[in-house]
Amino acid sequence: MASTGIGRSAVRRLANLSLKHQASSTKSRTALSVGSRHKSSSAFAAVPESIQEAVKESVLDHISSNDSKLWGNDASNNSSRGGQPAVNGVGTQQAHESHTTTTINGQGSINEPINSMAAEDPLDEWHLDGKPSQSWPDLPHNVREIGQADPFGLSKVEIETLSESIRTDLIGTDHPVLNKAASYFFSSTDGGKKVRPMMIMLLSRALAETVGGSAVHHHASSSSSLWTTPLSWQRSDLPESQRRLAEISEMIHTASLFHDDVIDGADTRRGAPAVHHVFGNKMAILAGDYLLARSSIYLARLRNVEVVETMSTIIEHLVRGEVMQLKGAAAAASNNTTEAADGGANERMIYYLQKNFYKTASLMANSCKSAALLGNYPDPLVSASYRYGKHLGVAFQLVDDVLDFEGSASTMGKPALSDLNAGLATAPVLFAADTFEEIQPMIGRKFRKEGDVDRAVELVFASDGIWKTKQLAQVHAELAVEAVLELDPSAHRDALVHLAHKVVDRTR
């Protein structure tokens with residue numbers, strides 16, 4: 001900041017000016033002193049680029065801070081049900097009345113979270129010092145072999161029809177261009193892995209088998225083996241609701257891809273041209289907004305206010321994570337909200353993993369949690385569902401980080417080293433920086449200097465950065481497995497165990 005030659009108060013005034021709505025009247029003039037005076041209608045445009053960057057950094061510093069008022073954090077977000085301590089973000093009470101009962105009786109302030117049993121996950125434990133168990137990748141002793149519990153096989157019927165259902169039943173716009181843009185990744189050959197809806201549907205069945213036991217029966221109106229007849233105390237349309245939740249989750253994910261590719265300037269996605277290269281930036285953004293709007297409508301029609309609150313949090317997290325990514329992992333060194341005993345390097349990694357949670361793992365965690373809430377299951381099962389999705393989501397993104405170095409355009413559907421070329425320091429880079437301090441200034445300047453990317457790649461492969469990233473991914477995959485093993489044994493529970501293994505072992 002000092003290099004710009006302006007004081008903090010001047011930066012603050014510039015930031016306010018850049019964000020303030022300006023009246024269109026040509027007579028309106030506002031003077032701002034930063035060595036010279038500028039007209040308000042063109043003040044920011046006339047400011048030197050170095051000062052504009054300072055303003056941008058100041059604004060990003062504020063909105064990327066965990067205690068920023070922008071995110072609406074308050075004390076009520078950190079309290080669990082009945083004043084009991086929270087464990088893994090969930091109160092310890094074992095059984096509870098219907099979640100939906102507490103959401104429709106009108107009790108409580110409009111500023112209080114509806115789901116009072118679930119405190120906000122503090123995101124303060126990332127297991128950076130953890131090691132995979134010696135038995136990994138062997139299966140736990142009571143888990144079926146994949147031939148009897150293949151996640152892709154068990155969910156095949158539902159996954160094959162999911163994109164068509166979204167395209168024909170949920171998108172629903174008469175505008176031909178918007179319809180094509182919004183449907184871009186929902187063709188029969190879109191190439192997506194559909195991990196999120198797969199998790200939701202397999203988990204829904206595993207939860208039913210855990211609580212219902214021998215009382216669980218195949219749902220007569222479904223051609224899929226995933227859905228069972230709801231128990232007497234559950235909503236009668238539970239199978240339809242949980243399937244719709246899976247569709248909503250995939251719509252939110254796809255909307256985030258549209259927006260991310262515009263922000264990152266990506267050329268390809270899933271082996272095809274990115275949406276904005278086909279329809280333009282404006283239409284890509286509008287198509288993403290439209291998908292979020294449609295998903296919100298169908299989310300409301302689930303008629304479970306706790307689920308609406310939980311899933312809406314995902315959208316806030318996507319924005320928060322994107323802001324943190326714009327700021328970059330180098331921001332952690334000056335971020336007073338992040339504390340780490342091991343200094344700046346550890347702080348950068350914690351900041352990075354928090355950002356990954358917001359951008360990737362939150363969708364998985366809160367979608368799995370919502371599947372349990374829809375079934376009105378006991379709190380421990382809601383907690384286990386959340387933790388399974390969270391840790392699998394963290395592992396998923398860490399493996400993505402590795403594949404950016406070890407993968408190829410043909411396997412990944414996007415160019416290798418796309419993160420580095422976009423100026424992003426991912427886990428292998430951050431681990432490598434512990435060995436080679438030369439990487440640290442590259443991270444700070446987002447690899448913009450000529451030769452930075454090539455040199456960073458060379459140092460990553462010369463370090464143990466990729467190996468450490470794989471180790472951390474395995475640790476989180478094992479935590480996901482531990483969470484889902486809290487459910488009773490069944491083929492669908494074991495399929496979720498195999499899915500965790502496949503996430504770590506995947507090559508695309």
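Just a few scattered comments:
- Surrounding net charge for Phe279, when Lys and Arg each add one and Asp and Glu each subtract one, Cβ distance under 15 Å: 0
- The stretch between Thr173 and Ser109, if pulled fully straight at 0.36 nm per residue, gains 19.4 nm over its current Cα-Cα span.
- In this simple spin-label model, placing a label point 7 Å from the Cα along the Cα-to-Cβ direction at both Glu437 and Ala300 gives a separation of 5.7 nm.
- Per-pair calculated FRET efficiency, R0 = 30 Å: Ser236 and Asn421 via Cβ, rounded to 0.05: 0.05
- Taking each of Lys131/Lys359; Lys180/Lys359; Lys156/Lys468; Lys156/Lys446; Lys449/Lys470 in turn, the alpha-carbon distance tops 32 angstrom for Lys156/Lys468; Lys156/Lys446.
- Annotation: aspartates and glutamates with alpha-carbon distance below 12 angstrom to Lys194 (same-chain offsets under eight excluded): Glu158, Glu160, Glu247, Glu250.
- Looking at region 420-508, the accessible area is 41 square angstrom per residue; that uses a 1.4 Å probe and ignores ligands, DNA and RNA.
- Model label points for Asp124 and Ala462, set 7 angstrom from Cα along the Cα-to-Cβ axis, are 3.9 nm apart.
- Net +/- balance of residues flanking Gly389 in space, Cβ distance below 10 Å, scoring K and R +1, D and E -1: +4
- Thr228 long-range amide H proximity, modeled H, under 5 Å: His219
- Computed over protein heavy atoms with a 1.4 Å probe, the carbon and sulfur contribution to the accessible area of region 243-299 reaches 57%.
- Compared with the direct C-alpha span, the chain from Glu406 to Asn142 gains 91.7 nm at full extension, assuming 0.36 nm per residue.
The values are calculated or read from the model by the stated rules, or taken from the named source; none is laboratory data. These figures come from a predicted structure and were not determined experimentally. Backbone-built Cβ (ideal geometry, glycine too); neighbour counts: all protein chains shown. Heads up: the accessible areas ignore ligands, DNA and RNA and are worked out on the full protein's heavy atoms, side chains in. Shrake-Rupley method; radii C 1.70, N 1.55, O 1.52, S 1.80 Å.
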